[in-house]
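Please read the structure below before turning to the comments.
What follows is calculated from the coordinates using simple rules that are stated; it is not laboratory data. In this text, all values refer to a predicted model and were calculated from it rather than measured experimentally. Cβ coordinates were reconstructed from backbone atoms using ideal geometry, including for glycine residues, and neighbour counts include every protein chain displayed.
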């Protein structure tokens, strides 16, 4: 059975493609023409096993669905038994009258793109109106949507779409575990930032890795609020009350509020303890995380699993994030992954203090997080794909 995975935002589908290949399935990856370079498959592996299975899709590169060769798009994907997509693919499939088999959204493609945004520009007004209509219809008519329980804001948007297909309420394996187990010294030395990360580990007692996009200063969309400022304020409190602890934050020059974050850090007097690195490939990030003690994800939105969290889990690290424990408690049969819960400077400070006094305990909790990922994400995903393939076969016969 031939499977197409369309789009590689956040490197999600290059990971899934490798899992499918591991299972003996014939999987190919299509990248959107305008995807950032750091989402190229080779940015997430040391040997590109997808090199001869990756294609650039010249369609779907903008929300302007008046453009693009619709006949070519249909012919391209008629070759596949199963098409798994993200991003704007539902809109294009709606436009060509084809039902998408599986939709695995990465975020704004489900909570924002299906909803019309008013503009005074008549050209964009018509385009946005038609695109959002097709995106909503494409998602609504998708056979399977794979997405675990989200924040109340996002769940409200999903209700407005009105899914007709089955929703599989599980996350997907965003990281291919075998790629990051037992990385050779030879591969480590090929990475640009490996020496800097290693040097910081030797210098500090406590390293916090924070690679969430910087988006916290008056965001237009609350779904884009990451709560970065809460980390920096809480970290400043921790340093003030624990002067004997040599602690540092590693973060990335990524997001619209980088300058605001730098300004806040300077005002707090912690600039010397915050190290800025360029936006980089996942394999660089994963090695950076391997030298850290804590991975701090989003401290505002009520989400359980997403890229920054999973990257920390796979490296066996302690996660700090915000989620409503009661809301997500029953999402997985074996409970939630271990995490330090914080959503304010005060709770960040408290959790850092607790961690600093119990490092051995949290080191073991981090390893539990890695096991949790294997048992609750990787294995159920494989089962879900097998179920979907079986359903597809039964409908075809």
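If each residue's Cβ is checked for other Cβ atoms within 10 Å, how do 286, 1, 146, 174 rank with the fewest at the top?
Ordered by Cβ neighbours within 10 Å, fewest first: 1, 286, 146, 174.
What area, in nm² and to one decimal, does the C-alpha convex hull of the chain cast on average over all directions?
Mean projected area of the Cα convex hull: 19.8 nm².
Can you pull the three principal axis extents for the Cα set of region 280-373, in Å, largest first?
So the three principal-axis extents are 34, 29, 25 Å.
Let me check against my output: what whole-number percent is the relative contact order of region 181-376, with C-alpha pairs under 8 Å and at least 6 apart?
Contact order relative to length: 24 percent.
State, to one decimal in nm, how far the label point of residue 48 lies from the label point of residue 396, with both points 7 Å from Cα in the Cβ direction.
2.9
If I take every Cα pair under 8 Å that is 6 or more residues apart in the chain, average their sequence separation and divide by the length, what percent do I get for the relative contact order?
14
Whole Å is fine, so just give me how far the alpha carbon centre of region 195-254 lies from that of region 352-369.
18
By how many nm would the segment from residue 1 to residue 181 grow when fully extended, if each residue of separation counts as 0.36 nm and the alpha-carbon distance is taken off?
Taking 0.36 nm per residue and subtracting the Cα distance, the gain is 61.9 nm.
How far apart, in nm, are two points set 7 Å out from the Cα along the Cα-to-Cβ line at residue 118 and at residue 201?
5.4
How far, in degrees from 0 to 90, does helix 345-356 lean away from the longest principal axis of the Cα atoms of the chain, to the nearest 10?
For helix 345-356, the angle is close to 70 degrees.
To test your reading of the geometry: what angle, between 0 and 90 degrees and rounded to tens, separates the Cα axis of helix 194-203 from the longest principal axis of the chain?
Roughly 30 degrees, rounded to the nearest 10.
What relative contact order, as a whole-number percentage, does region 2-169 give when Cα pairs under 8 Å and 6 or more residues apart are counted?
Across region 2-169, relative contact order equals 19 percent.
Arrange the following residues from fewest to most other Cβ atoms within 10 Å of their Cβ: 151, 396, 15.
396, 151, 15
With all pairs of different alpha carbon atoms counted, what Kirkwood hydrodynamic radius in Å does region 181-376 show?
Taking the inverse mean of 1/r over all distinct Cα pairs, region 181-376 comes out at 17.0 Å.
Can you show me the helix-derived [θ] at 222 nm for the chain, built from DSSP H runs with n ≥ 4 at -39,500 (n - 2.57) apiece and divided by the number of residues, rounded to the nearest 500.
-12000 deg cm²/dmol
Quick one: angle between helix 379-396 and the longest Cα principal axis of the chain, in degrees between 0 and 90, rounded to 10, please.
0
By counting other Cβ atoms within 10 Å of each Cβ, how are 86, 143, 245 ranked from fewest to most?
By the 10 Å Cβ count, ascending, the order reads 245, 143, 86.
In the calculated pair distance distribution of region 2-169, what percentage of Cα-Cα distances lie above 30 Å?
14
What share of all Cα pairs of region 333-397, in percent, falls into each consecutive 5 Å distance bin?
Whole-percent P(r) values from 0 Å outward: 3, 14, 15, 14, 13, 11, 8, 6, 6, 4, 3, 1, 0.
Please work out the C-alpha center-to-center distance from region 65-140 to region 268-320 and express it in whole Å.
32
Compute the orientation-averaged projected area for region 97-172 from the convex hull of its Cα atoms and round it to one decimal in nm².
Dividing the Cα hull surface by four gives the mean projection, 5.3 nm².
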